Structure formats: C-alpha cells, structure tokens
Amino acid sequence: MTKIVNHWIGGKTVEGASGTYGPVTDPATGAVTTKVAFATVDEVDAAVAAAKDAFATWGRSSLAKRTEILFRFRALLDAHRDEIAALITAEHGKVHSDALGEVARGLEIVDLACGINVQLKGELSTQVASRVDVSSIRQPLGVVAGITPFNFPAMVPMWMFPIAIACGNTFVLKPSEKDPSASVRLAELLAEAGLPDGVFNIVHGDKVAVDRLLEHPDVKAVSFVGSTPIARYIHTTAAANGKRVQALGGAKNHMLVLPDADLDAAADAAVSAAYGSAGERCMAISAVVAVGAIGDTLVAKIRERAEQIKIGPGNDPTSEMGPLITAAHRDKVASYVRGAAAEGAEVVLDGTGHTVEGFEDGHWIGISLLDKVPTGAKAYQDEIFGPVLCVLRVDTYEEGLALINGSPFGNGTAIFTRDGGAARRFQLEVEAGMVGVNVPIPVPVGYHSFGGWKDSLFGDHHIYGNDGTHFYTRGKVVTTRWPDPADAPAGVDLGFPRNH
C-alpha cells in the first residue's frame with residue numbers, strides 16, 4: 001500500500017481535500033513509494049488562519065516558554081536523528097552519513113534558537129534629554145512562511161522555523177513535494193515537545209500553494225531557498241504584495257587554485273565539494289579555476305580520486321554517493337556532459353552511462369569531469385546541480401579573479417593557497433557572499449549568517465545568524481518621559497520625601 005503524506009495544520013494531520021497528489025519516488029529504485037497531497041487555496045488559507053490564531057498568544061508568550069519548548073525539541077531531534085536521516089535517504093537518495101550531516105547542521109540552528117534571548121535584547125539610552133529615555137526593542141512579525149527545496153528537506157526548514165518561532169512568530173512551511181516526509185516528522189516532534197497547536201503548520205503542493213502564500217494578506221514574510229529563476233519570482237511577487245522577503249537562489253561556486261597550493265589537499269577538497277551529495281547542493285564547487293602550470297597535475301589528481309568513489313543506494317553503508325532525485329533531473333544533468341565536447345571542453349570522465357547492479361531503474365549518474373571548459377559553454381554558465389565538475393585554466397590570479405567576478409552568481413567561493421597575502425587579497429576582492437580559504441564549502445556556523453551576492457540572493461537579509469533574527473522581527477523605538485515624583489501636585493503623597 002502506497003504511503004500518503006498529508007498536511008499538518010493546527011497541530012494535527014489534515015487529509016488533503018483536493019484529490020490531487022504528487023508522486024514521491026525512491027531514487028535508488030525509481031519506484032513510487034509515497035503520494036503527497038497537494039493543497040488547494042482553501043487549505044493554504046486554513047493553515048494561515050491556524051497560524052494567525054496561534055500568534056495571538058504565542059507572540060505574547062515569554063521567551064522562557066519558547067526556549068523551553070525548543071530545548072525539548074532539540075533533545076527529541078537528537079534522539080531521532082537516525083530516523084529522520086533514513087526518511088531523507090528514502091526520498092532524496094543521499095547516503096545515510098550525508099543525511100545525518102544534514103540533520104546535524106539543522107540542529108546547529110536549533111541550538112542558536114534555544115539561545116535567542118541574547119539576540120533579542122534591546123537597547124536603552126537614558127537622559128537623552130531632561131528626564132527622557134529612548135529604548136529600542138524587537139518584536140515578532142506574525143505569520144511567516146518558508147518555501148524549501150528538495151536537496152535538504154530537513155536542514156533548510158530548520159534554517160528558518162526555529163528562529164522564526166523563537167522570535168515569537170508562527171510558521172507555515174511549504175516543503176518540496178519531492179521529499180516531504182522529513183518535514184512532517186519534524187512537525188510531530190515539535191508537537192511532542194509541547195509547541196502549541198498552530199504555531200507550526202505544513203501545506204504540501206505546487207505553484208497553487210506557493211502563490212497563495214505569496215499573496216495572502218496575513219503572511220508577513222517569506223523565506224525561500226531554491227533556483228535563481230524561482231527566487232527572483234518569489235522576491236518580486238511577495239514584495240509586490242507587501243511582504244518581507246529573503247529568497248536564496250542558485251550558484252556556480254568557483255575554487256581558485258594558486259600554483260603554490262597543496263595540490264593533494266586541493267584535489268581532495270574539489271572531489272568532496274563537487275561530488276558530495278551527488279552535487280545537489282547550492283554550495284557545491286562546480287568550477288575549479290587552475291592558475292598557471294598546475295592544471296594538468298591537478299586534473300590528474302582529481303580524476304584519480306573521483307574514479308574511486310563508490311556509487312550506490314543511500315542505505316548501503318559502503319556507498320559514498322547516491323542517485324539523483326528524479327529521472328528527469330538525471331537526464332538534464334547528463335545533457336550537459338553529452339554536449340560539453342561540442343562546446344570545446346575536454347571530457348576527462350563521462351558518468352552519463354552509469355548504472356548500479358540490482359537497481360537498474362534508479363536515477364543513477366556517475367562522476368563527470370570536464371577540463372579546459374570555455375566560459376561560453378552551457379556546462380559552465382548554468383547551475384547543473386549534479387556531479388559534474390568543470391575545470392577552467394587561467395594564467396594569473398588576476399585573470400582567475402576576473403573570471404569569478406564575471407559570473408552572475410555570487411553564492412560561495414574558495415581559494416587554495418599557502419600565501420596568506422594572496423588569500424587576504426582574495427577575500428576582500430572576490431564578489432561572493434561566502435568565502436573559504438583552503439575550505440571548499442564555506443557554509444557558516446549557525447551564529448554567522450548564510451547567503452550570497454548578485455543572482456544568488458534576492459532581498460536584504462541572509463538566512464539564520466543575526467540576519468535571521470532581524471528578518472523575523474521588526475524594530476520599535478520608544479521615547480519616554482516620566483514626571484519626577486517630587487514635582488507631584490500639592491496634596492498628593494507618592495511616598496517620597498519632599499525635600500526640594
């Protein structure tokens with residue numbers, strides 16, 4: 001019997017009423033294992049209404065109560081991390097160790113939310129004028145929404161809702177319809193932790209659900225992670241409807257390798273950053289820029305390591321890379337490799353014909369490595385979102401920097417070098433939101449914010465960290481003057497000695 005994933009509204013499971021369902025496949029087998037209900041406009045409205053009702057009390061609840069619930073949620077999440085990782089593997093396909101890493105990075109933001117008290121402290125200036133004080137405080141927005149991608153079905157929602165609800169907001173999540181089960185399990189754990197009904201809600205679906213959230217008058221802010229075209233649409237539409245928006249888009253992350261770099265370390269980093277999670281992550285390194293005469297040696301080292309990666313089902317402990325999320329996505333990724341030679345690239349490794357014995361119907365693709373890729377090639381220009389690494393050759397640091405800064409994307413980047421001066425110059429000159437120095441995937445820890453530049457981010461706020469707290473709250477300034485008790489009218493005794 002096929003499993004059905006329904007909505008979570010007002011603290012309980014709500015069966016889909018639309019009659020429309022989306023298929024959820026096991027990427028390792030290609031078999032449809034689950035159906036997910038697609039929400040109607042009325043069902044989205046019901047979730048928003050539940051969140052709005054809950055905000056009337058949750059928004060005024062004490063910080064102590066909110067963080068107490070989050071501490072309990074954190075303990076439950078830690079206890080169930082293997083279970084959640086298994087759900088991720090079953091629907092996304094990533095190997096279990098990678099799925100566990102995803103849960104761990106989500107836990108990091110829950111940790112941050114548990115200590116939100118410090119970030120919500122206000123400011124006070126006394127005696128700005130005679131008997132006048134000015135204070136600044138931050139207050140929750142109300143109902144906020146999150147629209148999250150398939151590649152991190154647990155982590156990315158946890159980049160959003162723990163901070164949002166810790167700040168006093170209520171939340172409506174629209175997770176990816178390709179792997180929805182992990183988010184529902186998170187909702188169940190929140191309820192078990194004591195989160196009041198309606199504070200966290202989930203509606204599944206497609207563009208109908210998304211558009212209703214973007215236009216709903218009671219949704220005050222929208223957080224999104226996904227591709228650049230959709231991020232641009234989310235930002236434009238939500239902003240036109242008067243909402244605060246943080247929309248994180250796609251990427252083409254470059255790794256600049258200078259001639260003095262440790263090439264073994266650089267090759268190790270390139271392989272893990274390009275092919276980990278099958279390349280389905282916005283922080284993957286998809287372009288290595290080799291400076292000077294090191295290119296041939298670096299490519300040989302990358303090839304040697306890439307050929308040793310074991311591809312197989314995510315629940316096989318020996319697998320190092322799993323399948324892609326859907327057959328359609330696998331075919332799209334393969335098209336970039338098949339067309340690369342005609343565009344002037346040298347195909348060093350072609351993974352497009354890869355299959356796994358016993359799982360022939362899975363969404364498999366092997367490792368692909370393209371060398372001497374021209375900047376005009378589609379494999380370089382587009383975000384492929386698969387295990388394809390492009391190597392570009394330049395003669396100088398300046399040429400490499402100009403190439404990176406010429407990209408329309410500015411999510412993350414890295415430099416590999418032993419030269420501290422070169423690294424310092426790079427971190428100041430490169431046009432990207434996150435920079436790694438001998439670190440290939442510079443995803444910030446939870447108390448620093450995540451986000452890119454240029455076409456990788458639409459909106460002013462990065463996600464989590466201090467930016468997350470500011471995004472989910474709004475500032476208020478209060479100017480106060482109180483009469484001095486000594487100035488009270490005659491005949492009124494306020495209990496103070498009248499000695500003036």
As an exercise, use a Förster radius of 22 Å and the Cβ-Cβ distance of residue 268 and residue 402 to find the FRET efficiency, rounded to the nearest 0.05. 0.25
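Run the helix sum for the chain: -39,500 (n - 2.57) per DSSP H stretch of 4+ residues, divided by residue count, reported at 222 nm to the nearest 500 deg cm²/dmol.
On the way: 16 runs with 183 residues, N = 500.
Computed mean residue ellipticity for the chain: -11000 deg cm²/dmol.
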How big is the C-alpha Rg of the chain next to the rule-of-thumb value 2.2 N^0.38 Å, as a ratio? 1.09
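Take every Cα pair under 8 Å in the chain that's 6+ residues apart, average their separations, divide by the length, and report that relative contact order as a whole percent.
18
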How much length, in nm to one decimal, is gained on full extension between residue 137 and residue 78, taken as 0.36 nm per residue of separation minus their Cα-Cα distance? 18.0 nm
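Only Lys, Arg, Asp and Glu count, each charged at its Cβ (+1, +1, -1, -1), so figure out the dipole size of region 445-485 about its Cα centre, rounded to 20 debye. Present the calculation step by step, with values, prior to reporting the outcome.
Numbers: 4 positive and 4 negative charges, 25 e Å.
For this selection, approximately 120 debye.
Regarding region 167-225, what is the average projected area of its C-alpha convex hull, in nm²?
Computing the convex hull of the Cα atoms and averaging its projections yields 4.6 nm².
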Protection proxy ranking of 121-129, 36-44, 459-467, 253-261 - average other beta-carbon atoms within 10 Å, highest first: 253-261, 36-44, 459-467, 121-129
What size of dipole, in debye to the nearest 20, comes out for the chain about its Cα centre when the only charges are +1 on Lys and Arg C-beta atoms and -1 on Asp and Glu C-beta atoms? 1440
Gap in Å between the Cα centre of region 315-336 and the Cα centre of region 219-249? 28
Could the peptides 218-227, 357-366 be put in order, highest first, of the mean number of other beta-carbon atoms found within 10 Å of their residues? 218-227, 357-366
If each residue of separation counts as 0.36 nm, what is the full-extension length gain between residue 378 and residue 479 once their alpha-carbon separation is subtracted? 30.6 nm
If you place +1 on the Cβ of every Lys and Arg, -1 on the Cβ of every Asp and Glu, and leave all else neutral, what size is the dipole of region 32-90 about its Cα centre, to the nearest 20 Debye? 300
The simple spin-label model distance between residue 31 and residue 227, using points 7 Å out along Cα→Cβ, in nm, is 3.0
Taking 7 Å along the Cα-to-C-beta vector as the label spot, tell me the residue 64-residue 128 distance in nanometres, rounded to one decimal. 3.0
Anchor residue 12: lysines whose Cα lies under 23 Å away (excluding residues fewer than 8 positions away in-chain): 3, 35, 52, 65, 174, 178
Rounded to the nearest Å, the spacing of the alpha-carbon centers of region 418-446 and region 1-74 is 38
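When N is the residue count of region 307-433, what does its C-alpha Rg come to as a fraction of 2.2 N^0.38 Å?
1.23
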Calculate, in nm to one decimal, what residue 41 and residue 428 gain on full extension: separation in residues at 0.36 nm each, minus their alpha carbon distance. 134.7 nm
Per the 1/(1 + (r/R0)^6) rule, R0 = 41 Å and r from the Cβ atoms of residue 418 and residue 460, FRET efficiency to 0.05 is 0.65
Calculate what fraction, in whole %, of the accessible area of the chain sits on carbon and sulfur atoms when a 1.4 Å probe is rolled over the protein chains. 53
For the chain, what does the accessible surface come to per residue with a 1.4 Å probe? Please give it in Å². 41
When only C-alpha pairs under 8 Å and at least 6 residues apart count, what is the relative contact order of region 1-62, in percent? 33
Along the positive direction of the dipole of the chain (beta-carbon charges: Lys, Arg +1; Asp, Glu -1; about the Cα centre), which of 327, 385, 482 reaches farthest? 482
3J(HN,Hα) from dihedral phi, region 97-108, Karplus parametrisation 6.51/-1.76/1.60, rounded to Hz, x for glycine, proline: 5, 5, 5, 4, x, 4, 4, 4, 5, x, 4, 4
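The values are calculated or read from the model by the stated rules, or taken from the named source; none is laboratory data. What you see is a predicted model, and the numbers here were worked out from it, not measured in a lab. Cβ sites come from the backbone with ideal geometry, for glycine too, and all protein chains shown count toward neighbours. Just the protein is used for accessible areas: all its heavy atoms, side chains included, with ligands, DNA and RNA removed. Shrake-Rupley method; radii C 1.70, N 1.55, O 1.52, S 1.80 Å.
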